[in-house]
Each structure stands twice: as C-alpha cells, then as structure tokens.
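The values are calculated or read from the model by the stated rules, or taken from the named source; none is laboratory data. All values reported here derive from a predicted model rather than from experimental measurement. All Cβ positions, even for glycine, are placed from backbone atoms using ideal geometry, and neighbour counts span all protein chains on display.
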C-alpha cells in the first residue's frame, strides 16, 4: 500500500481481512506536521455507510471527537445561480472535520489491526516486475520489497505512469480538465449564532459571469473552517483585509459577516487545484497484474462538492468485493481490470458533478464529457426546482451523497417535476 491518507488506510482495512500481511508506506513521517494548513474533509451519506462497515463505530467516534453533523437540507445554507435555498429537511447528513482528525482516527484503527504495519518515512521511487506483472516496490534508498499486490494511493500527483512505463507496461489514457482553481482556507473560533440561518454555508457562483465561491464548515474544537476559492485566476489574498474583501464580493453576505465577527485562529493556507485527472485503467486492454490505483491516484476531481473521501471509501469497498469474487485473487490482470471497472462506476458521478460545473466557464479546457452543455442547462433548472420541491431536493442530495446513481435525476418523472417546479417552460 503506497500512501497513508484516507484512501490508503481504508483500502488497507479491506486488505487486512484478505492477506497475511499488509504494509502501508508513506513518504512522510505521519506526525501530523506534514499537513500544510487547515484542510476540510467531508463524509457524505454513502461514505458514512462504507466507513461504518469497514470501521464499526468510527463515524460516532469522529463526532465524539468534535466533528460536526450537518443536515444538508435544513442546516446547510446553499446559494447558487443567484438564489438561496430555503431550509427543507431531506434526511441527508454530512460529517465535517479537518483532515488531521479523520486521518488520525482511521490510522489508529488500522494500526490496531493484526498483521498490518504502517511505515512513515518510506519514499517509494518505483515499481519492480515487468510489463505483465508488478511484483513490488523500489525505495529511494535503493532497496526493494516484494508484494502480491501493490495498491497505489499516492494522490493526484502520482508518479506511477512513469513507473509503469519503466517496466514496459502501457500507462493509461488520461482525461484531464483544466479550470485553474485556487482555494484559500483558514480556521476561526466558532460560537453559537455565528450563522443565524444555519449550521454551515456554501456560496457558489452563477457562471460564467461569477467565478468566486465561499464555504464555511463547522469542525472540531469549536472552530469554523472557511474556504474561499475561485476559477480561472480568481483567488483570495492571504492578508486579513484581502481575505475579507474577497468574501464581501461573494453573491451572498453571510460569509463576510461571519469573518467580521469570528476570531481567526490560523493563517490562510492556499492550495492550487489546476485540473481534474482521471487515469483510465479501466480502458486498458493490457493491464499488468499485481497493481491497482485507488482514490486520487485513480481519479481526482474538484473537491467543491466534498465527494473525495466518500468516493475513496466506496472504491475500498469495491476492492474487497472484487477480491472476493476473483478465484485467482490479485495475481491476474483480470483482477486489476475488474477492480478498475468497479472503481470507474464509483467515480462517474462525482466526475460529472465536478467537471460539468467547470465547463460552465468557456476558459475551461480538456476532456469535455458528452452532453455537458445540455446537462448544465438542466442542472440550472434542477437547482431552481430544488428550492421549492422536497422530492427534487431529496433526489439531488441522494445523488450528490453517492447513494443514488446520477440517472435518478433524469427519469421522466424527475424531469417533469423539475420543469414544473422550476417555473420554466
């Protein structure tokens, strides 16, 4: 297992039931100091179910440690396409926290498993084997170790295309969508009444004229994690006045009001997300046995919808299911192919959510999904309809939380409700 983030740790939990020994490698020392500034993590409904199955009681443990539970219909203030959704209970909750809280909790659970070892300070420099089979990993120090299965969880900056090419294997085709997104996040002290109308806030733009977004999530230690972002060159400054000025320019005043009343407890941390990338291992005809990619190493997408952790947990579940039904286990290319097909089914919806919105901007370049323009026009109507229709909003959140397939938004019955509730012909 290469990478000890949420994707690697959840995959390690799955493999612990199916292998005699699991080793999780990470280049960092895993002290927590490697996290560069505040970073939010959100677990959606499907992710909560998957994590509960893999780590019984962990969602409750996270909440007891300070993570917040937000009912997305009635407690999340959502503003998009120039309108704010009124509160409406839809039975759909998300758990919000910082990345360190989530990683520490999962890492403790994985470290307690028998025959699982987590090794920080282990920089992987390549793979061993040949173009037909990966047999292990090679370290920067020049040593190597053998493995029946190498799981690549090294994130969106994975170097494994070059590693596979060095073995004589064909790297996958890559879909890449470049939208030049930048996020600037900081922590603030949280008090009751900071957001009079709700428990969390998400302000999204009306594209293509507007390009700025703002999010405020409650996290552990009675803090807010505020993120300001933008597409194609729009970004917040790191100084207090610059940060506040950016928030004041958002199409909803609540976030600027929050920043004016809440005390900052961290500096502003800036992260650049230039593009979404999907490495299409599921399309390869000749796939080396003994290697799979999970999480952002397989498919990374704009995190604005908070679907990354949930998608990684669902991929980990799929890894176990495919292992259980493959008679020869991970030693065949068939296993790798079947897993990546299952992973593709998981990421299809969050990919469309993310890159579809990115293509609302004419400056966005890259692999445009078929029908994006039509889908985006329908999405604008759907958002209008979700303001007043409980059924439309409930279905929308069920899809966003990766419980229902995206097709649930396109049934004849749903489309009729959208047209009726949106008030547009």
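Quick look at the values:
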quantity: Residue that is farthest from residue 88 (Cα to Cα) [pool: residues in region 383-409 that are free of Cβ contacts under 8 Å to residues at least 24 places away in the same chain and part of a helix (DSSP H, G or I)]; calculated: 407
quantity: Some residue of region 366-373 being at pLDDT 95 or above and closer than 17 Å to residue 181 by Cα; calculated: yes
quantity: From the options 401, 383, residue that is in contact with a strand residue (DSSP E or B) (Cβ under 7 Å, 6 or more places away or on another chain) and surrounded by 19 or more Cβ atoms within 10 Å (Cβ to Cβ); calculated: 383
quantity: Listing of helices (runs of 4 or more DSSP H) fully contained in region 240-354 that carry 2 or more residues being free of Cβ contacts under 8 Å to residues at least 24 places away in the same chain, buried (at least 20 other Cβ atoms within 10 Å of the Cβ) and in contact with a strand residue (DSSP E or B) (Cβ under 8 Å, 6 or more places away or on another chain); calculated: none
quantity: Single match in 182, 170, 154, 178 (criterion: out of contact with any strand residue (DSSP E or B) (no Cβ under 9 Å at 6 or more places or on another chain) and in contact (Cβ under 8 Å) with a residue 24 or more places away in the chain); calculated: 170
quantity: Selection from region 1-26 of residues that are assigned to a loop (DSSP other than H, G, I, E, B) and within 21 Å of the chain's Cα centre (by Cα); calculated: 1, 3, 4, 5, 26
quantity: Verdict on residue 56 being without any contact (Cβ under 8 Å) to a residue 12 or more places away in the chain, surrounded by fewer than 16 Cβ atoms within 10 Å (Cβ to Cβ) and assigned to a loop (DSSP other than H, G, I, E, B); calculated: yes
quantity: Only listed residue being out of contact with any strand residue (DSSP E or B) (no Cβ under 8 Å at 6 or more places or on another chain) and in contact (Cβ under 8 Å) with a residue 24 or more places away in the chain, chosen from 46, 67; calculated: 46
